[in-house]
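Trainee: Sending over a structure as structure tokens; questions will come in a sec.
The values are calculated or read from the model by the stated rules, or taken from the named source; none is laboratory data. Everything quoted here is computed from the prediction, not taken from an experiment. All Cβ positions, glycine included, derive from the backbone under ideal geometry; neighbour counts span all protein chains shown. Quick note on the areas: whole protein, heavy atoms, side chains included, nothing else; ligands and nucleic acids left out. Shrake-Rupley method; radii C 1.70, N 1.55, O 1.52, S 1.80 Å.
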Amino acid sequence: MNEIFETIKKVALEIDEAIKTEDLGYSDSANSSGEDQLKLDVQSDIIIEEAFASVEIVKDLVSEEKEGVLSLHKDGKYTICYDPLDGSSLVDVNLSVGSIFGIYEGELQASNLVASAYVVYGPRIELVIATKESKPKHYRVSKGIFVQVGEIAIDKKGKLNASGGTQQNWSKTHKTFIDSLFAEGYRLRYSGGMVPDLHQILLKGGGLFSYPATTDKPNGKLRQLFEVIPFAFVYEMAGGEAIDDKGNRLMQLIPSHPHDTSPCFFGSLYEITKLKEAYGV
Ligand code: AHG
Ligand code: MN
Ligand code: MN
């Protein structure tokens, strides 16, 4: 598995370079979720695909930017499901973006996730790797090298509140719940990039990130295999919780299609307990 983490470090530096120097325009194609692809989405996807092409323990790749499963090595052990550039539409306004990787062994379902990782491209490049062995490890690039700066542990109660989707399309339950957190003193922190938004909550001690079911997206927006499940694992390994709007752990999800989405909530124990009460689940 170490070879996979080393490859992620390598591609992170290449994608960061592309973000800083390449054309920000649209490509002439859309991805499987019907979203227009930026040239940077496509380029980041190619960087990752080319890097894993020589890593023989990787059997298949599943990308946000590709329709199906790409087979790499038939005797490989792991499938890597990844979002090459999450929040790519924020690059042109110079906000932080990220890459997300879920490493699965066997069928593509949450219970088979063995590790996950994400990279934050911000003022600095950071990487978090979660495995079953320890708290998630936090790295930062210094002079071109990833150096571990600590382990991540989330508090039992936080202060930050980040909810996605258009408020006009939230349910009354969700709106009332989010308002109740603000009434308790929670602060709004939402950039529109799930990687920096979830990373901020983890590092600032806790809080809640939601992407609920909305009237326009009844199954939420965020994709299970390469957005929701990898972060659910990081949050659980950091001592937090990650559930859907029925109160089920996101680590129990079984997608029926690689691009399936799910409503999702990530946070500290306190906020997730309050969410369950508010949603009646
Ligand atoms: P992507 O750029 O890979 O399509 O994902 C963007 C995602 C995620 O980063 C963020 O949390 C969410 O879209 C924001 O959506 P809203 O603007 O609907 O809140
Ligand atoms: Mn994404
Ligand atoms: Mn993306």
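Trainee: Among the numbered criteria (1) small (Gly, Ala, Ser); (2) touching a Lys or Arg at 6+ places or on another chain (Cβ under 7 Å); (3) within 16 Å of ligand 2 (Cβ to nearest atom), which one does residue 34 miss?
Mentor: (2)
Conditions (1) within 22 Å of residue 170 (Cα to Cα); (2) within 16 Å of ligand 2 (Cβ to nearest atom); (3) outside the structural domain of residue 31 (by TED's automatic domain parsing), marked per residue:
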| position | (1), (2), (3) |
| --- | --- |
| 198 | yes, yes, yes |
| 205 | no, no, yes |
| 211 | yes, yes, yes |
| 215 | yes, no, yes |
| 222 | yes, yes, yes |
| 240 | no, no, yes |
| 248 | yes, no, yes |
| 252 | no, no, yes |
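Trainee: Working only within the stretch 47-60, note down all residues that are touching a strand residue (DSSP E or B) at 6+ places or on another chain (Cβ under 8 Å) and more than 16 Å from ligand 1 (Cβ to nearest atom).
Mentor: Matches in the stretch 47-60: 49, 52, 57, 58, 59, 60.
Trainee: Quick check on this structure: which one of 85, 113 is within 12 Å of ligand 3 (Cβ to nearest atom), open to solvent by less than 20 Å² (accessible area, probe 1.4 Å) and touching a helix residue (DSSP H, G or I) at 6+ places or on another chain (Cβ under 6 Å)?
Mentor: None of the other options fit; the residue is 85.
Trainee: Then there's this: Answer yes or no: is there a residue in the stretch 61-81 that is over 20 Å from residue 19 (Cα atoms), touching a residue at least 40 places away in the same chain (Cβ under 8 Å) and either among the small types (Gly, Ala, Ser) or assigned by TED's automatic domain parsing to the domain that holds residue 233 (or both).
Mentor: yes
Trainee: State whether the residues of the stretch 124-133 include one that is assigned to a strand (DSSP E or B), within 14 Å of ligand 1 (Cβ to nearest atom) and surrounded by 24 or more Cβ atoms within 10 Å (Cβ to Cβ).
Mentor: The answer is no, given that none of the residues of the stretch 124-133 is assigned to a strand (DSSP E or B), within 14 Å of ligand 1 (Cβ to nearest atom) and surrounded by 24 or more Cβ atoms within 10 Å (Cβ to Cβ).
Trainee: Check 185, 193, 164, 247 and return the single one that is open to solvent by less than 10 Å² (accessible area, probe 1.4 Å) and in contact with a Lys or Arg (Cβ under 9 Å, 6 or more places away or on another chain).
Mentor: Just one listed residue meets the conditions, 164.
Trainee: Quick one: which strands (runs of 3 or more DSSP E) lie wholly within the stretch 38-121 and hold at least 2 residues that are more than 19 Å from the chain's Cα centre (by Cα)?
Mentor: The qualifying strands (runs of 3 or more DSSP E) are 58-63, 69-71.
Trainee: Let me ask you something else. Check 127, 95, 90, 85 and return the single one that is of a type outside the set (Lys, Arg) and touching an Asp or Glu at 6+ places or on another chain (Cβ under 9 Å).
Mentor: Result: 85 is the single residue among 127, 95, 90, 85 that is of a type outside the set (Lys, Arg) and touching an Asp or Glu at 6+ places or on another chain (Cβ under 9 Å).
Trainee: Let me ask something additional. Among (1) under 23 Å from residue 181 (Cβ atoms); (2) open to solvent by less than 50 Å² (accessible area, probe 1.4 Å), where does residue 229 come up short?
Mentor: Result: residue 229 fails condition (1) only.
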